[in-house]
Amino acid sequence: QAAAFLAFLLLWKPSLRELGLDGSALTKRSRTAYAAGAGLILLMVISSYFIMRDIRLFALATNVQFGLVTPVVEETLFRGVGWNGFIREGRSPWKALAWTSFLFALYHIGYWPQIAYATAFHPEAPPMIEIVAWKTAFAAVLGAGLGWLRWKTGSVFGPILLHSFLNIISP
């Protein structure tokens, strides 16, 4: 995921504005809040190494992937590039919110292999189709919330932090 995202950045060379990461319009208070949130996320990621004694490296690697890399990539693509693309095409913020939420939900169907691997160790787990359906529905609702946050703040920083937090605390 990180390699594909880096290739995308190197080939397309988008601006920070196109990615939704242009923080020049943020107030000092917003910057402080985002910095504090980023610090909390980093603390949560790093602390997993010390809390999960039996599986330290696994816990740390999992939180780096799903708590840092995944939210940055997904939010930059959906609430950054996608959102700005819909707005640039003349669509309203409501339509940008609806489309990016829908596409975000569809994207989460692609997590089928990870879910299949994780549930292989849990014979009592529900059928895969049920798990993926719930994950996709949740992603649509989460995408709408993250899109609303993107719309109201004018930035992708808030959605990245919220997405990171939710990924770290989710079971």
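The values are calculated or read from the model by the stated rules, or taken from the named source; none is laboratory data. Source: prediction; values computed, not measured. Cβ placement follows ideal geometry from the backbone for every residue including glycine, while neighbour counts extend to all protein chains displayed. Keep in mind that these areas ignore ligands, DNA and RNA; they rest on the heavy atoms of the full protein, side chains included. Shrake-Rupley method; radii C 1.70, N 1.55, O 1.52, S 1.80 Å.
With a Förster radius of 22 Å applied to the C-beta separation of residue 169 and residue 129, the computed FRET efficiency comes to 0.30.
Measuring nothing but how far apart in sequence close Cα pairs (under 8 Å, 6+ apart) lie, relative to its length, segment 34-102 scores a relative contact order of 19 percent.
When the Cα centres of segment 76-92 and segment 98-163 are compared, how far apart do they sit, in Å? Comparing the Cα centres of segment 76-92 and segment 98-163, I get a distance of 19 Å. Against the chain, whose longest principal axis comes from its Cα atoms, helix 2-12 is set at around 20 degrees.
Need one word for the chain: rounded, prolate or oblate. Basis is the Cα gyration tensor (sqrt eigenvalues a ≥ b ≥ c); a/c below 1.5 gives rounded, then a/b vs b/c decides. Since a/c reaches 1.5 but b/c is at least a/b, the shape of the chain is classed as oblate.
When the chain is treated as a GNM, springs tying every alpha-carbon pair under 10 Å, which of 107, 34, 117 comes out with the largest mean-square fluctuation? It is 117. The mean accessible area for residues of segment 46-138, using a 1.4 Å probe and ignoring ligands and nucleic acids, is 62 Å² per residue. Helix 93-107 and the longest principal axis of the Cα set of the chain meet at an angle near 30°.
Under 26 Å of direct C-alpha separation, and excluding same-chain neighbours fewer than eight residues apart, residue 135 reaches these lysines: 95, 152. When shorter helices are ignored and each DSSP H run of at least 4 residues is given -39500 (n - 2.57), the per-residue value for the chain at 222 nm works out to -22000 deg cm²/dmol.
Starting from the Cα of residue 65, move 7 Å in the Cα-to-Cβ direction to define the label point; list residues of segment 127-169 whose amide nitrogen is under 14 Å from there. What the label zone holds, given the 14 Å backbone N cut-off, is 168.
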